[in-house]
1. Keeping to segment 53-76, report how many residues are farther than 20 Å from Gly8 by Cβ and modelled with pLDDT of 90 or more.
2. Quick check on segment 45-56: of everything there that is farther than 17 Å from Trp77 by Cα and more than 14 Å from the chain's Cα centre (by Cα), which residue is surrounded by the fewest Cβ atoms within 10 Å (Cβ to Cβ)?
3. Name the residue that is nearest to Cys86 (Cα to Cα), counting only residues in segment 6-23 that are at pLDDT 90 or above and surrounded by fewer than 20 Cβ atoms within 10 Å (Cβ to Cβ).
4. Residues in segment 9-49 that are outside any loop (DSSP other than H, G, I, E, B) and of a type outside the set (Asp, Glu): how many?
5. Tell me whether segment 36-44 contains one or more residues that are surrounded by 19 or more Cβ atoms within 10 Å (Cβ to Cβ) and touching a Cys at 6+ places or on another chain (Cβ under 7 Å).
6. Tell me which residues, restricted to segment 56-84, are out of contact with any His (no Cβ under 8 Å at 6 or more places or on another chain), more than 19 Å from Pro40 (Cα to Cα) and not basic (Lys, Arg).
7. Report every pair of residues separated by at least 6 positions or lying on different chains whose Cβ atoms are under 9 Å apart, first residue within segment 23-45 and free of Cβ contacts under 8 Å to residues at least 40 places away in the same chain, second of a type in the set (Gly, Ala, Ser) and in a strand (DSSP E or B).
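The values are calculated or read from the model by the stated rules, or taken from the named source; none is laboratory data. Not measured: the values here are computed from a predicted model. Note: ideal-geometry Cβ built from the backbone for every residue, glycine included; neighbour counts use all protein chains shown.
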Amino acid sequence: MTQQTSDGRVAVGWCHQCGTVQLKDDMPREWVEWAEAIEPVCVNGDGEPWGVGVWPEGEHAPDCSSVTAARERIVDWSPMLKGCACVAAVDDEDA
């Protein structure tokens, strides 16, 4: 089950190696030698870690199309996840 932040948002990422949109909390965790830490890695098992091989694409509302794409692990070679309205709303609140 996907964990959500306190305001209900869900962290979404995109793997540059396989092109898959993914939920951070659904990713398996493995030892990443160069980070010397256990970190989330690509759901496709290629060892691409969150924030290095899987690029963070913001925290999205649970009903956002970006979260739906991540749940379905859609392959998208040019994701535009940060451009959605739910991420822009959070950015406006932080300004």
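1. Final tally of qualifying residues: 6.
2. Ranking the qualifying residues of segment 45-56, first place goes to Gly45.
3. Arg9
4. Step one: of segment 9-49, the residues outside any loop (DSSP other than H, G, I, E, B) are 10-15, 20-26, 29-32, 37-41, 49.
The next check asks that each one be of a type outside the set (Asp, Glu); those that pass are 10-15, 20-24, 29, 31-32, 37-38, 40-41, 49.
Going through segment 9-49 one residue at a time, the tally reaches 19.
5. Scanning segment 36-44 turns up at least one residue that is surrounded by 19 or more Cβ atoms within 10 Å (Cβ to Cβ) and touching a Cys at 6+ places or on another chain (Cβ under 7 Å).
6. If the condition is that a residue be out of contact with any His (no Cβ under 8 Å at 6 or more places or on another chain), more than 19 Å from Pro40 (Cα to Cα) and not basic (Lys, Arg), then Ala61, Pro62, Asp63, Cys64, Ser65, Thr68, Asp76, Trp77, Ser78, Pro79, Met80, Gly83 are the ones that fit.
7. Going by the 9 Å Cβ cut-off, the qualifying pairs are Lys24/Ala11; Lys24/Gly13; Asp25/Ala11; Met27/Gly13; Trp31/Ala37; Pro40/Gly13; Cys42/Gly13.
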